[in-house]
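> Sharing a structure, written as structure tokens. Questions coming.
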Amino acid sequence: MIPGKFDSRQTPCWQRELTRAISDPAELLQELDLDPALLPAAQAAAVRFSLRVPRGFVARMGKGDPNDPLLRQILPLHAELEEVPGFDADPVGDWAARAAPGVLHKYHGRALLLVTGACAVHCRYCFRREFPYAEARASTDPWQSALAYLRNDSSLREVILSGGDPLSLSDRRLDALLVELDRIPHLQRLRIHSRQPIVLPERVNDGLLAVLARTRLQRVLVVHANHPQEIDQTVCVALRRLAEAGVTLLNQAVLLRGVNDSASVLASLSEALFTAGVLPYYLHLLDRVRGAAHFEVKESEASAIMKALRQRLPGYLVPRLVRELPGHLAKTPV
Ligand SMILES: *Cc1c(COP(=O)(O)O)cnc(C)c1O
Ligand code: SF4
């Protein structure tokens, strides 16, 4: 291969890993030596929101531990099927914030593009688990109406690629989109919100780095890790390559019951991230989406955790605790 070029005829290794991702609850339980009694509930909950997890992420889980913090994020549970008042299909008002097909424009100067509904992993707490991507996303007319919206609003400085996971796009499609964004003169920054460098570090390959090197826009990548055990050596290498390519790296996490609801876990997370070249950005209170109530940490408890965290870490390693409220002009600090 010529450096800086990518060969679109070959199936990259990350795409093979995507197709090999585990989607059968029985296989997951077997892989992790877990009690088969967990199976009926997992199958029932997976009907509403399917199981999906790359094998490399499963390899970071402890065997035989139903409470493993990585497993909890992806294993379908019976609790998801319980109706809990206050937990709805669209808790953050995204459907109302659609500015054009595939564009969410809620905040000044930045618009968010839903470029795909696909993710490498299905996170059980995800607020988009109920989101009607097929109707909302921009991909049906290769982004033309979304791009027209961005062109016509000269107050925009930043475009955020989101989804789903925007790095689910092939290098070729991503490149084509970035070429269009480059041509919009008022845009200065490209931000990508992706969990793939964490759950599928193979995604950070020469092809992706070449695509990111071509844009004139300043590049920010916001990854999503919730627990230090997610940051293994392969993830570290992927993140360092991105940092060396001049990409500013930030992390957003969600405060999750049974995963990272303690100051000591969050402190280790911040330190593991910084070792890999990533600064903590946001710690989100759970969006109250249907099926995720069992993950909720109350606001008072969250504030106590933050207080303890501030006492343990330098200020730059403390994420901002925020909540997203429909109709607000920014994320709301807690
Ligand atoms: C979270 C979000 C953003 C980004 O907000 P920042 O505070 O800049 O990180 C932008 N648009 C939408 C629709 C969002 O939900
Ligand atoms: S990767 Fe992000 S968008 Fe996809 S399911 Fe997980 S939290 Fe949701």
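The values are calculated or read from the model by the stated rules, or taken from the named source; none is laboratory data. Note that this is a predicted model, so its numbers are computed, not measured. Cβ sites come from the backbone with ideal geometry, for glycine too, and all protein chains shown count toward neighbours.
> Every residue in the range 154-190 that is within 16 Å of ligand 2 (Cβ to nearest atom), among the aliphatic types (A, V, I, L, M) and farther than 16 Å from R110 by Cα, please.
Result: L167, L169.
> On the basis of being farther than 12 Å from V223 by Cβ and touching a Leu at 6+ places or on another chain (Cβ under 6 Å), does L255 make the cut?
yes
> To continue, here is another question. Only one of these conditions is not met by A304: (1) out of contact with any helix residue (DSSP H, G or I) (no Cβ under 6 Å at 6 or more places or on another chain); (2) in contact (Cβ under 8 Å) with a residue 12 or more places away in the chain; (3) outside any strand (DSSP E or B). Which number is it?
(2)
> Follow-up question, since we're still on this one. Just to be sure, is V222 touching a His at 6+ places or on another chain (Cβ under 7 Å), of a type outside the set (D, E) and at pLDDT 95 or above?
Yes.
> Give me the residue from the range 127-148 that is part of a loop (DSSP other than H, G, I, E, B) and more than 30 Å from L81 (Cβ to Cβ) and, out of that set, modelled with the highest pLDDT. Break it down into steps so the answer makes sense when it comes.
To start, the set of residues in the range 127-148 that are part of a loop (DSSP other than H, G, I, E, B) comprises 127-132, 137-143.
The next check asks that each one be more than 30 Å from L81 (Cβ to Cβ); those that pass are 138-143.
Details: A138: 57, S139: 52, T140: 51, D141: 63, P142: 68, W143: 89.
So the residue we want is W143.
> Taking the range 163-180 as the region of interest, how many residues are surrounded by fewer than 20 Cβ atoms within 10 Å (Cβ to Cβ) and within 16 Å of ligand 1 (Cβ to nearest atom)?
0
> Filter the range 69-102 down to the residues that are over 18 Å from F127 (Cβ atoms) and more than 16 Å from ligand 2 (Cβ to nearest atom), then identify the one that is modelled with the highest pLDDT. Steps first, please.
Step one: of the range 69-102, the residues over 18 Å from F127 (Cβ atoms) are 69-71, 75, 78, 99-101.
With the extra rule that they be more than 16 Å from ligand 2 (Cβ to nearest atom), the set shrinks to 78, 99-101.
Values: H78: 96, A99: 89, A100: 90, P101: 89.
The selected residue is H78.
> Please enumerate the residues belonging to the range 107-131 that are under 20 Å from the mean Cα position of the chain (by Cα), surrounded by fewer than 21 Cβ atoms within 10 Å (Cβ to Cβ) and away from ligand 2 (no atom under 13 Å from the Cβ).
Scanning the range 107-131 gives Y107, R110.
> Look at V237 and say whether it is out of contact with any Lys or Arg (no Cβ under 7 Å at 6 or more places or on another chain) and either within 16 Å of ligand 2 (Cβ to nearest atom) or in contact (Cβ under 8 Å) with a residue 12 or more places away in the chain (or both).
Spelling it out, V237 is indeed out of contact with any Lys or Arg (no Cβ under 7 Å at 6 or more places or on another chain) and either within 16 Å of ligand 2 (Cβ to nearest atom) or in contact (Cβ under 8 Å) with a residue 12 or more places away in the chain (or both).
> Sticking with this structure for a sec: Please report, ordered by residue number, the helices (runs of 4 or more DSSP H) entirely within the range 9-67 with at least 1 residues that are surrounded by fewer than 14 Cβ atoms within 10 Å (Cβ to Cβ) and among the polar types (S, T, N, Q).
Qualifying helices (runs of 4 or more DSSP H): 13-19, 25-31.
> Hey, another quick one. What number goes with the only condition from (1) charged (D, E, K, R); (2) within 16 Å of ligand 1 (Cβ to nearest atom); (3) buried (at least 17 other Cβ atoms within 10 Å of the Cβ) that R320 does not pass?
In the conditions (1) charged (D, E, K, R); (2) within 16 Å of ligand 1 (Cβ to nearest atom); (3) buried (at least 17 other Cβ atoms within 10 Å of the Cβ), R320 misses (3) alone.
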